[in-house]
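Asker: Got a structure here, written out as structure tokens. Questions coming.
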Amino acid sequence: MLQKSRKTAVNYSLYLVTDSALAKGRALLDIVRAAVDGGVTCVQVREKDVPSRAYIDRLLPVRALLRERGIPLFVNDRVDIALAVDADGIHLGQTDMPLAMARRISDGRLLIGISCEVPRDALEAEHGGADYVSASPVFATPTKTDTAPVVSSVPSKNWEAYLPRAQITRGRIASSCFCRNGEQVSISTGSGSR
């Protein structure tokens, strides 16, 4: 199990965000196993419309696989579910539970990531003690229509102005990587998560 500490080194370089609505009938465990075999370094399970018990039932075998492989599991939005399955972290969007409340409820047991739609969100997350931030959405997507404008429409200099100790790097897949004091803090590719 990963140590639950804000100092835990997590490799965010290939961060999978699952979505059963896009799975085309494939089982979550099969998708995660294939991604891990392909080199994924973090997994966030995102289930927006699944009842709690079904969510837990889907997560437990994924948790076992990831624990065996030493890969962290992040649960999207649901602090209660993350704690119930002993996930490594929680990922929250701008309309989810506030960071300070999630930190208090999890009592240091979870790493906490925040989706940031505009540069000021990233600054607030950093000041609030987020373990990592992700900029999203990086690309426009038909699967999420309630998002802010794509990150690439905000010039890098605007992000840098809000994160004076951070730098932004864009990779070949149009990813956004935030670094703090030369240490990678997060990476988000694709449509991101909320």
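The values are calculated or read from the model by the stated rules, or taken from the named source; none is laboratory data. This is a predicted model, so every value here is computed, not measured. Counting neighbours? That spans all protein chains shown, and the Cβs are built from the backbone with ideal geometry, glycine included. Just the protein is used for accessible areas: all its heavy atoms, side chains included, with ligands, DNA and RNA removed. Shrake-Rupley method; radii C 1.70, N 1.55, O 1.52, S 1.80 Å.
Asker: Treating the beta-carbon of each Lys and Arg as +1 and of each Asp and Glu as -1, no other charges, what is the dipole magnitude of segment 85-127 about its Cα centre, to the nearest 20 debye? Write down the numbers at each step before the final one.
Answerer: Details: 4 positive and 8 negative charges, 28 e Å.
Roughly 140 debye, rounded to the nearest 20.
Asker: Once you have the Cα-Cα distance between K48 and K24, take 0.36 nm times their residue separation minus that, and quote the gain in nm to one decimal. Walk me through the numbers before you get to the answer.
Answerer: Values: separation 24, 0.36 × 24 = 8.64 nm, distance 1.60 nm.
Roughly 7.0 nm would be gained on extension.
Asker: Also: Show me 41-48, 60-67, 107-114 ranked by packing, highest mean number of other Cβ atoms within 10 Å first.
Answerer: 41-48, 107-114, 60-67
Asker: Need the full-extension length gain, R69 to D37, defined as separation in residues times 0.36 nm minus the C-alpha distance. One decimal, nm.
Answerer: 10.5 nm
Asker: Over segment 11-62, with the other protein chains present, what is the accessible area per residue in square angstrom, probe 1.4 angstrom?
Answerer: 53
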